Amino acid sequence: DWQQRGAATLIETEKNAETGEVRTKIIKKGVTDFKFGRTLGEGSYSTVVAAVDRQTGKEYAIKVLDKRHIIKEKKVKYVNIEKNTLNRLGEHPGIVRLYYTFQDERSLYFVLDFASNGELLSLIKKLGTLDIECTRYYGAQLLDAVEFMHNNGVYHRDLKPENILLDDKMRIKITDFGTAKMIDSLKDSNGKDTDKYPSDIRTSSFVGTAEYVSPELLTEKATGKEADLWAFGCIIYQLIAGRPPFKAGNEYQTFQKIVKLQYSYSPGFPYLARDLIKRVLVLNPKDRYSIEQIKNHPFFEGINWDRKSLWKRPHPRLL
Ligand SMILES: O=C(O)[C@@H]1CCC(=O)N(CCc2ccc(Cl)cc2)[C@H]1c1ccccc1Cl
């Protein structure tokens, strides 16, 4: 079995059936252990490159960050946030897994799952629209992954179809946790239980991507886990409509539409989906549907939320 202790190394333990002897192997990886291939994506602070582990032949996506650039742009804390949140989230089918981290004099390396079918955004653009069956399938997976994140004290804060990848079985994998918010354990430094992090922790400073930003972030400079559910509502709308609910000529106009809740449906937009979206795209985060309420909404009728079935069932035919 594999435990993850700090992403830098993987500890592999093997129990010998006869003698019962346990053998532990520390696996440290470095740049030379991988054969780097094509560039998968370029971010403002990172480049993601396809790579193959020379020993095992397994394919990974390696996120390479240039240290000088990170330091110059004062983004070091985001690097640590990404590493710590991914380490904390460990293993969930809907979240990109961090296997190793290592560095050389110039760069930092994050060895991540390789999601071979690219971004959900590309699928939406290719299909133009997803039917109800597909929207329910992806919506349920997204909700299960967000619930897992929240239960582990992590708010993503920049959920959008570009950050939702598709693996070889066309299942989702959420990525890009550099802007996540980690709610530290409810024990403060001397281990005393405190409620210093009430569930609706208020943070400021960071803004996500205009079309998916929650109204509370724009009006009160405050976000909590409800902001991820606002983004969820925008993504469900976009899966069906082919575009996000709030989109204008520039960011400022987009923000205006959000705080005024200015969005509309194209004719033929399914009524069951409208009803769900209406209860999620609510300006006051306290009145916004919770994960539990969304799960129980008729839109998701018939979805078996048990994790195994949710992630094992094949994806519906993509029209
Ligand atoms: O936290 C860790 O796992 C190690 C600890 C030792 C270490 O030196 N680093 C790199 C720290 C760091 C972060 C940002 C820059 Cl720009 C430079 C160095 C950390 C690191 C190594 C590789 C990849 C990411 C990180 Cl944060």
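The values are calculated or read from the model by the stated rules, or taken from the named source; none is laboratory data. What you are looking at is a predicted structure, and each value in this text was computed from that prediction instead of being measured. Because the Cβ atoms are built from the backbone with ideal geometry, glycine has one as well, and the counts that use them run over all protein chains shown.
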Taking segment 219-251 and keeping residues at pLDDT below 95 and among the hydrophobic types (A, V, I, L, M, F, W, C) leaves 222
Candidates 82, 73, 59, filtered to the one that is away from the ligand (no atom under 11 Å from the Cβ) and among the charged types (D, E, K, R): 59
Of the conditions (1) part of a loop (DSSP other than H, G, I, E, B); (2) buried (at least 16 other Cβ atoms within 10 Å of the Cβ); (3) not hydroxyl-bearing (Ser, Thr, Tyr), residue 273 fails just one. Which one is it? (1)
Over segment 214-269, the set of residues under 26 Å from residue 130 (Cβ atoms) and of a type in the set (A, V, I, L, M) is 227, 229, 231, 235, 236, 239, 240, 241, 248, 258, 261
Among residues of segment 88-107 being buried (at least 17 other Cβ atoms within 10 Å of the Cβ) and within 18 Å of residue 27 (Cα to Cα), the residue nearest to the ligand (Cβ to nearest atom) is 101
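Which one is nearest to residue 175 (Cα to Cα), of the residues in segment 108-132 that are within 16 Å of the ligand (Cβ to nearest atom) and under 17 Å from the mean Cα position of the chain (by Cα)?
112
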Does residue 68 satisfy the criteria of being closer than 22 Å to residue 116 by Cα, modelled with pLDDT of 95 or more and among the charged types (D, E, K, R)? no
Right, residue 51: hydrophobic (A, V, I, L, M, F, W, C), out of contact with any Ser or Thr (no Cβ under 9 Å at 6 or more places or on another chain) and within 16 Å of the ligand (Cβ to nearest atom) or not? yes
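Condition check ((1) farther than 22 Å from residue 179 by Cα; (2) under 19 Å from the mean Cα position of the chain (by Cα); (3) part of a helix (DSSP H, G or I)) across all residues:
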{"site": "230", "(1), (2), (3)": "no, yes, yes"}
{"site": "235", "(1), (2), (3)": "no, yes, yes"}
{"site": "268", "(1), (2), (3)": "yes, no, no"}
{"site": "279", "(1), (2), (3)": "yes, no, yes"}
{"site": "287", "(1), (2), (3)": "yes, no, no"}
{"site": "316", "(1), (2), (3)": "yes, no, no"}
Answer yes if at least one residue in segment 252-263 is at pLDDT 95 or above, crowded, with 16+ Cβ neighbours inside 10 Å, of a type in the set (D, E, K, R) and part of a loop (DSSP other than H, G, I, E, B), and no otherwise. no
